[in-house]
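Written out below as structure tokens is the structure these notes cover.
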Amino acid sequence: MSAGPPPAQGGADAHWLRRATELSRRCPPSATAFSVGALVVARDGTVLAEGYSRRDHPRDHAEEAALRQVDPDDPRLGGATVYSSLEPCGARASRPVPCAELILSTPVPRVVFAWREPALFVDCDGAERLRRAGREVLERPDLAEGVREANAHLLGPA
């Protein structure tokens, strides 16, 4: 895997969220799901995994696809950050385990996302769920425009 700036240092969060947004543009289009990109980045800036919605299966979410690539016993997860272009879901219609719960099943202490999920499909409380469980959650709405563009097919005219 590649490497880049260590999370939470300087412009690293913006760097990795831009990469997540680039990944979201690879998603096969869907009228019933957002296009999302996600990365798991170790404390030293090593990319442990990356994924995007519908990468391996039509019901895959980005965080799910990325986390599936990482050995759950990898000690680097304890200092890693999950970057997602969209807030990790707190409820799902397509599978039983939402992305917030998938993240909580790992020791990843930090989650950064660009755009809070609009209530188009479900009422999302992923950020709050992660915070209540003691994870650090950072929202970067200043980087949400690219995520909205990747999902323009769902949002209709501005």
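The values are calculated or read from the model by the stated rules, or taken from the named source; none is laboratory data. Predicted model, so just to flag it, every value in this text is computed and none were measured. Every residue, glycine as well, gets a Cβ built from its backbone with ideal geometry; the counts of neighbours run over all protein chains shown.
Mind checking which pairs have a first residue in the range 74-95 that is closer than 23 Å to Asn151 by Cβ and a second that is assigned to a helix (DSSP H, G or I) and modelled with pLDDT under 90, Cβ under 7 Å, 6 or more apart or different chains?
Ser85/Val147; Leu86/Val147; Glu87/Gly126; Pro88/Gly126; Cys89/Gly126; Gly90/Gly126
Just to check your reading of the model, which residue among Thr32, Thr46, Thr21, Thr81 is within 13 Å of the chain's Cα centre (by Cα) and over 22 Å from Arg129 (Cα atoms)? Walk me through it before giving the result.
On the way: Thr32 fails: within 13 Å of the chain's Cα centre (by Cα); Thr46 fails: within 13 Å of the chain's Cα centre (by Cα); Thr81 fails: over 22 Å from Arg129 (Cα atoms).
None of the other options fit; the residue is Thr21.
Does Pro7 satisfy being touching a strand residue (DSSP E or B) at 6+ places or on another chain (Cβ under 6 Å) and closer than 19 Å to Val137 by Cβ? It would help to see each step written out before you state the result.
On the way: touching a strand residue (DSSP E or B) at 6+ places or on another chain (Cβ under 6 Å): yes; closer than 19 Å to Val137 by Cβ: yes.
Judged against the criteria, Pro7 is a match.
Which members of the range 27-53 meet the condition of being at pLDDT below 95 and farther than 15 Å from Glu87 by Cα?
Within the range 27-53, Cys27, Pro28, Pro29, Ser30, Ala31, Thr32 meet the criteria.
So which residues in the range 22-50 are surrounded by fewer than 17 Cβ atoms within 10 Å (Cβ to Cβ) and acidic (Asp, Glu)?
Of everything in the range 22-50, those that are surrounded by fewer than 17 Cβ atoms within 10 Å (Cβ to Cβ) and acidic (Asp, Glu) turn out to be Glu22, Asp44.
Please specify each residue of the range 24-55 satisfying the condition of being touching a Cys at 6+ places or on another chain (Cβ under 9 Å) and either aliphatic (A, V, I, L, M) or part of a loop (DSSP other than H, G, I, E, B) (or both). Even if it seems obvious, please write down each step before you answer.
Residues of the range 24-55 touching a Cys at 6+ places or on another chain (Cβ under 9 Å): 33-38, 52-55.
Selection gives Ala33, Phe34, Ser35, Val36, Ala38, Ser53, Arg54, Arg55.
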